[in-house]
Amino acid sequence: MTDATIQLDDTERTPCEVWTRVMGYHRPVSAFNTGKRAEHADRCYFNEQPKGAPQRREQLVAA
């Protein structure tokens, strides 16, 4: 195996449609009105860690 990086020109790329869950159902972001698009752009994303995750990780490393 080699660590070759794949390079794509913009002409080789395919547009991706982003969907998100709004008001209990999934919709494409491209179908949002101006206000909903602004709200989507302002969202904060985070990774929630289970309670005690750092302590559990330390226990597993020590074992």
Problem - Charge dipole (debye, nearest 20) of the chain; +1 at Cβ of Lys and Arg, -1 at Cβ of Asp and Glu - result: 500
Practice task
Calculate, axis by axis, the spread of Cα positions in the chain along the three principal axes, and write the results as whole Å, longest axis first.
Solution key: 52, 43, 19
Fill in the blank from the handout: Within the chain, excluding any GluC sites (Glu not before Pro) found in a DSSP loop (not H, G, I, E or B) and having at most 16 other Cβ atoms within 10 Å, the longest uninterrupted segment runs 18-47
Practice task
Write down the accessible area per residue of the stretch 8-62 in Å², having rolled a 1.4 Å probe over the full set of protein chains.
Solution key: 97
Handout entry: Positive-end extreme of charge dipole, the chain - chosen from Thr14, Ala31, Leu60 (charges on Cβ)
Key = Leu60
Exercise for the section: Take the solvent-accessible surface of the protein heavy atoms, probe 1.4 Å, and return the percent of it on the stretch 3-63 that carbon and sulfur atoms account for. Expected result: 53
Exercise for the section: At 1.4 Å probe size, with no ligands or nucleic acids counted, give the accessible surface of Leu60 in Å², nearest ten. Expected result: 110
Completion exercise
Computed over the chain: longest principal axis from alpha-carbon atoms vs helix 53-62 long axis, angle to nearest 10 degrees, is 40
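The values are calculated or read from the model by the stated rules, or taken from the named source; none is laboratory data. The shown structure was predicted, so the numbers you read here are calculated from the model rather than taken from an experiment. Every residue, glycine among them, receives a Cβ derived from its backbone with ideal geometry; neighbour counts consider all protein chains shown. Surface areas here come from the heavy atoms of the whole protein model, side chains and all, with no ligands, DNA or RNA. Shrake-Rupley method; radii C 1.70, N 1.55, O 1.52, S 1.80 Å.
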